[in-house]
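S.K.: Structure provided below as structure tokens; questions to follow.
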Amino acid sequence: MTKDFRPATTFFYPRTRLSPYFEGTQASGAKAYSVYNHMYLPSWYRDTDEEYWAVTNDVVIWDVAVERQVQIKGPDAFEFTNFITTKDLHKCKVKQCKYTLICDDKGGVINDPVLSRLDNDIFWLSLSDSDVLLWAKGLAYNSKWNVELSEPDVAPMQVQGPKSKPLMISLFGSELESLRYYHCLDGTLSGMEMLVTRTGYTGEIGYEIYLKNATKDGLKLWNTMLEAGKPYNISPAGPSLIRRLEHGIRNYGQDIRLDNNPYEVGLGFAVDLNQEADFVGKESLTQIKKEGLKKKLVGIEFGTERMKGWNEDFWPVMENGKQSGWVSTAAYSPGLKKNIGYAMLPIEKTEIGTKIIILARGIKTEATVIKEPFVKGKEKGK
């Protein structure tokens, strides 16, 4: 069945939050917004190919204030954070970041945040699209842990692309030059306070600025970055679906869902089962790993004609007239000059070179399982 997706208008109203950078994104000509974590997310400003080449060749800024922070602090902050996440935080030093997972008791993925350890007893979780603060408050309620859980007035901005490093060094000095991947430092810019992390969503060299007092300083930072970035050909852009797809990065709610365990979606590296401490889902994940997988997310290439845009819905994978899986992400890569995507397939169909049939916007199309990531990233070491 082919769905007819017609152009629609987004209107703004108080039930969904405006980003602290919203006024700046409007002035910069944002043409579309989606909703993520109860906040408007700028999707694009110009042709998506132009934005792809901007992050590939120059430097872009993304308003990603939608990555709302959960702050965990207090005497038991370490034990509590280690209990709700899958990484062994004994291996996470102060001013270090970790890509981690939050799972339920059955091993289903609730969220895949980037964790930053600000101090011995202060952690931030930078969230993908689910209500982790409410879930964490529920776990902490009447529990043994002495922790404070809140959402601070903090708004992330991504600064991505090969020219992001010289730009950031010009703003924050030589200390930034030695900042390692998945580490962070405190910074000040024109009187604005922030945490700067060497992280991103592109596989390119990049950073994230976690602006403090964001409600007051959001527009000021947006304009400051655009002005400072002029020598580097900076431009605003929406988060690049194509870049994250090329580099094997998953999107929660799309490639990862609550009914997926980490191993099905290629995120087993974010689970430390060998740690002594218990964490939510550890017992189930141990059993899942022991029993092996029944399905798995893999990379595919498909079609001979360039697809327009991206998949608006999950595309069925068909076998003998029945659906056996689905395509979660699909797009044309200008760099690779072909259509690529992720497909969740039965484990027996996941070998490299396997041919499958997908219904791409209702049209039967042959696809081939290929190795991912499709493009090797420039950053290493989560």
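S.K.: Taking the inverse of the average 1/r across all pairs of different Cα atoms in segment 8-104, what Kirkwood radius in Å do you get?
M.R.: 16.5 Å
S.K.: Residue by residue, what Karplus-based ³J(HN,Hα) values in Hz, rounded to whole numbers, does segment 270-280 have, using 6.51, -1.76 and 1.60 with θ = phi - 60° and x for Gly and Pro?
M.R.: 8, 10, 9, 6, 7, 5, 5, 5, 7, 8, 4
S.K.: Can you figure out the FRET efficiency of residue 12 with residue 227, using R₀ = 25 Å and their beta-carbon distance, to the nearest 0.05?
M.R.: Once the sixth-power term is evaluated, E becomes 0.40.
S.K.: Pull up the cross-link candidates among the aspartates and glutamates for residue 144, meaning alpha carbon to alpha carbon under 13 Å and not fewer than 8 places away within one chain.
M.R.: 76, 79
S.K.: If you don't mind, another one. Would you work out which of 199, 277, 225 lies farthest towards the positive end of the dipole of segment 190-279? Charges go on Cβ: Lys and Arg +1, Asp and Glu -1.
M.R.: Toward the positive end, the furthest listed residue is 225.
S.K.: Also, quick follow-up: For a quick check of your reading of the filter: which chymotrypsin sites (Phe, Trp or Tyr not before Pro) in segment 140-229 sit in a DSSP loop and have no more than 10 other Cβ atoms within 10 Å?
M.R.: When the chymotrypsin sites (Phe, Trp or Tyr not before Pro) of segment 140-229 are filtered for loop state and at most 10 Cβ neighbours within 10 Å, 141 remain.
S.K.: Here is a further query. Return the loop-located trypsin sites (Lys or Arg not before Pro) in segment 265-318 (DSSP other than H, G, I, E, B) with at most 12 other Cβ atoms within 10 Å of their own Cβ; answer none if there are none.
M.R.: Listed in order of number, the matching sites are 294, 306, 308.
S.K.: Right, here's the next one. Indicate the gyration tensor shape class of segment 245-370 (rounded, prolate or oblate), computed on the Cα atoms with a ≥ b ≥ c the square roots of the eigenvalues: a/c under 1.5 is rounded; otherwise a/b larger than b/c is prolate and the rest oblate.
M.R.: Taking the square roots of the gyration eigenvalues as a ≥ b ≥ c, segment 245-370 is prolate.
S.K.: Is the C-alpha gyration tensor of the chain telling us rounded, prolate or oblate? Criteria: a/c under 1.5 is rounded; beyond that, a/b larger than b/c is prolate, otherwise oblate.
M.R.: Here the chain falls in the oblate category.
S.K.: Please give the charge dipole size of the chain, origin at the Cα centre, charges +1 on K and R Cβ atoms and -1 on D and E Cβ atoms. Round to the nearest 20 debye.
M.R.: It works out to roughly 720 debye.
S.K.: Compute the longest continuous run of the chain that contains no exposed GluC sites (Glu not before Pro); treat a site as exposed when its DSSP state is not H, G, I, E or B and it has at most 14 other Cβ atoms within 10 Å.
M.R.: 1-275
S.K.: Also, quick follow-up: When a/c is below 1.5 the answer is rounded, else prolate if a/b is larger than b/c, else oblate, so apply that to segment 336-382 with a ≥ b ≥ c taken from the square roots of the Cα gyration tensor eigenvalues.
M.R.: prolate
S.K.: Taking 7 Å along the Cα-to-C-beta vector as the label spot, tell me the residue 257-residue 27 distance in nanometres, rounded to one decimal.
M.R.: Distance between label points: 4.2 nm.
S.K.: Relative contact order for the chain: what percent, with Cα pairs under 8 Å and sequence separation of 6 or more?
M.R.: The value is 18 percent.
S.K.: Let me ask something else. What pairs from 95/371; 163/378; 95/282; 337/378; 73/289; 338/371 go past 22 Å between their alpha carbons?
M.R.: 95/371; 95/282; 73/289
Rule-based calculations on the coordinates, nothing more; no lab input. If you're wondering where the values come from, they're calculated on a predicted model, not measured in any experiment. Using ideal geometry, Cβ is built from the backbone for each residue, glycine included, and neighbour counts are taken over all protein chains shown.
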